[in-house]
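Enquirer: Sharing a structure, written as structure tokens. Questions coming.
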Amino acid sequence: MIFEEFNPSEDKMLKIIDNDGRVVRPDLFPEISDDTIVEAYKAMLFERVADEMAVSFQRQGRMFTYPPNKGQEAIHIAAGNVIRENDWLVPAFREVGLMLAKGVTMKEIFLYYNGNEQGSNFKNAPRVLPINVPIGTQLPHAVGIGYSIKYRKKEDVVFTYIGDGGTSEGDFSEALNFAGVWQVPVIFTIQNNQYAISVPVSTQTNSVNLAVKSVAFGIPGIKVDGNDFFAMYLVYQKASEHARTGKGPVLIEALTYRCGAHTTSDDPSRYRTKEEETEWELSDPLFRLKKFMEHKGIWKENEEKLREKYKKEVEKQFLDAENFTPYSLEDVFDYMYVEMPDDLKKQKEEYQQFLAWKGNRK
């Protein structure tokens, strides 16, 4: 069992391919078809293109603050190949590829980051909770859903996510504690991308790693190379099997690197070095998976043509979102309370004045 072999207390890490795409643990290589591998790479490439374009749209002033996903695609697409239609996804805010795999569209994601609440109304993505920006508050929700699944004796699993910085939040410890006590089917993934905004992991915790935090709560934990698609695919297979068969939760630390800024309002050059970024580029998840496919002779696609195709699709969805019918003020203000309190009335009046001013400028 991989949870025993890769004991987080000993700081062991699950890794199947190296940075050059060579298999280093053939005994652990998962059962996965060549077609699935190729499609996984295409999904990772689409996420990369969509993410780069989202940053560009924001820089053009056509979208509000956006948190880049670049460098973390292997985690998302591996989970997307394991998660089932009836499973739940309880995201944080940096899981675009997995949201797409679950049925969310880039149009809906763009709507959300354009401030339109219809971007949280996923029409063809069952059991996906909205993007969660407050740090850690989604984890108790995931445990509550897991408790409901166990109570109703279902075989569904909850996939939920948090960053390395979020492990310092009380919600993280409380959620893992209850998950362990109740033995609920929840897979917790820590996307350890090395920085909580500007705070490095080294000053976030004195633990040997983040996966070891599972020990205190009596649940399995494992540290995984988060830029290794096959390692992530295997661990999600094993974790979902563990949770789905009534054995309780699992904590996964996916070791990765946030290639871009924390959000588009951040400047990572102020707190990390170019040398560090260059070193992590060698571990790029797309590069590693493509090298594997080339070694095996299964990659036949023209990547530039694929990129152009994906760019056109992403731009179309962005334009659909940009030209989407604005939602009414009533949707924002009128349905929170039976009787609207004075402070909310004041906010509504101020916003109406802003809209009137904006209209007069045209």
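Enquirer: Past 19 Å, Cα to Cα: identify those pairs from K70/K311; K42/K223; K42/K309; K15/K291; K154/K213; K107/K311, in the order given.
Expert: On the way: K70/K311 16 Å; K42/K223 26 Å; K42/K309 11 Å; K15/K291 16 Å; K154/K213 28 Å; K107/K311 13 Å.
Check vs 19 Å cut-off fails for K42/K223; K154/K213.
Enquirer: Report the calculated FRET efficiency for E52 and I197 (r = Cβ-Cβ distance, R0 = 22 Å), to the nearest 0.05. The partial results should precede the final answer.
Expert: Working: r = 21 Å, r/R0 = 0.95.
FRET efficiency, E52 to I197: 0.60.
Enquirer: If M53, M44, M1 are ordered by their accessible area, calculated over protein heavy atoms with a 1.4 Å probe, which sequence runs from highest to lowest? Walk me through the numbers before you get to the answer.
Expert: Values: M53 35, M44 0, M1 125 Å².
Ranked list, largest accessible area first: M1, M53, M44.
Enquirer: For region 159-301, which whole percent of the accessible surface, found with a 1.4 angstrom probe, sits on carbon and sulfur atoms?
Expert: Details: 2740 of 5500 Å².
For region 159-301, the apolar C and S fraction of the accessible surface comes to 50 percent.
Enquirer: Among all the aspartates and glutamates, which ones have a C-alpha under 18 Å from K274's C-alpha, if same-chain residues fewer than 8 places away are not counted?
Expert: Output for K274: D266, D284.
Enquirer: Computed over the Cα atoms of the chain, what is the ratio Rg over Rh, Rh following Kirkwood? Please report the intermediate quantities before stating the final value.
Expert: Numbers: Rg = 21.1 Å, Rh = 21.5 Å.
In the chain, Rg relative to Rh is 0.98.
Enquirer: If the chain between V133 and H295 were fully stretched, how many nm would it gain, using 0.36 nm times the residue separation less the Cα-Cα distance? Please list the in-between numbers first.
Expert: Values: separation 162, 0.36 × 162 = 58.32 nm, distance 4.01 nm.
Here the answer is 54.3 nm.
Enquirer: Please give the contour-minus-distance gain from M1 to D34: 0.36 nm per residue of separation, less the Cα-Cα distance, rounded to one decimal in nm.
Expert: Values: separation 33, 0.36 × 33 = 11.88 nm, distance 2.49 nm.
Gain on stretching M1 to D34: 9.4 nm.
Enquirer: Can you give the Rg to Rh ratio of region 177-253, both from alpha-carbon atoms, with Rh computed by the Kirkwood formula? Mind dumping the intermediate values first?
Expert: Details: Rg = 13.1 Å, Rh = 13.1 Å.
Value, to two decimals: 0.99.
Enquirer: Let me ask another. Once both labels are modelled 7 Å past Cα along the beta-carbon direction, what's the K316-Q60 spacing in nm?
Expert: 1.7 nm
Enquirer: Could you pull out every one of the aspartates and glutamates with an alpha carbon less than 18 Å from that of K346, ignoring same-chain neighbours closer than 8 positions?
Expert: Those aspartates and glutamates meeting the cut-off are E330, D331, D334.
Enquirer: Taking R0 as 30 Å, what's the FRET efficiency between K42 and K123 from their Cβ-Cβ distance, rounded to 0.05? Walk me through the intermediate numbers first.
Expert: Numbers: r = 23 Å, r/R0 = 0.78.
Calculated transfer efficiency: 0.80.
Enquirer: Let me ask another. Ranking request for peptides 119-126, 256-263, 194-201: highest mean number of other beta-carbon atoms within 10 Å first, then the rest in descending order.
Expert: Values: 119-126: 14.9, 256-263: 21.0, 194-201: 16.6.
Ranking, from highest mean packing down: 256-263, 194-201, 119-126.
Enquirer: By a straight-distance test (C-alpha under 25 Å), which lysines pair with K345 as possible cross-link partners, with residues fewer than eight away in the same chain excluded?
Expert: Result set, ordered by chain and number: K358.
Enquirer: Could you check the simple spin-label distance between K348 and R25, using points 7 Å along Cα→Cβ, in nm with one decimal?
Expert: It works out to 5.7 nm between the two label points.
Enquirer: Here's a follow-up. Could you tell me how far the Cα centroid of region 90-132 sits from the Cα centroid of region 296-362, in Å?
Expert: Each part's Cα centre sits 12 Å from the other's.
Enquirer: For T205 and E275 in the same chain, what is the full-extension length gain: residue separation times 0.36 nm, less their Cα-Cα distance, in nm?
Expert: Details: separation 70, 0.36 × 70 = 25.20 nm, distance 2.36 nm.
Here the answer is 22.8 nm.
Enquirer: Nearest 0.05, what FRET efficiency do E241 and V332 give at R0 = 35 Å with Cβ-Cβ as r?
Expert: Working from the Cβ atoms, E equals 0.20.
Enquirer: Distance from the Cα centre of region 149-212 to that of region 54-78, in angstrom?
Expert: 23 Å
The values are calculated or read from the model by the stated rules, or taken from the named source; none is laboratory data. In this text the structure is predicted, and so the values were computed from the model without any measurement. Here the Cβ is made from the backbone with ideal geometry for all residues, glycine too, and neighbour counts use every protein chain on show. Surface accessibility is based on the protein's heavy atoms, side chains included, excluding ligands, DNA and RNA. Shrake-Rupley method; radii C 1.70, N 1.55, O 1.52, S 1.80 Å.
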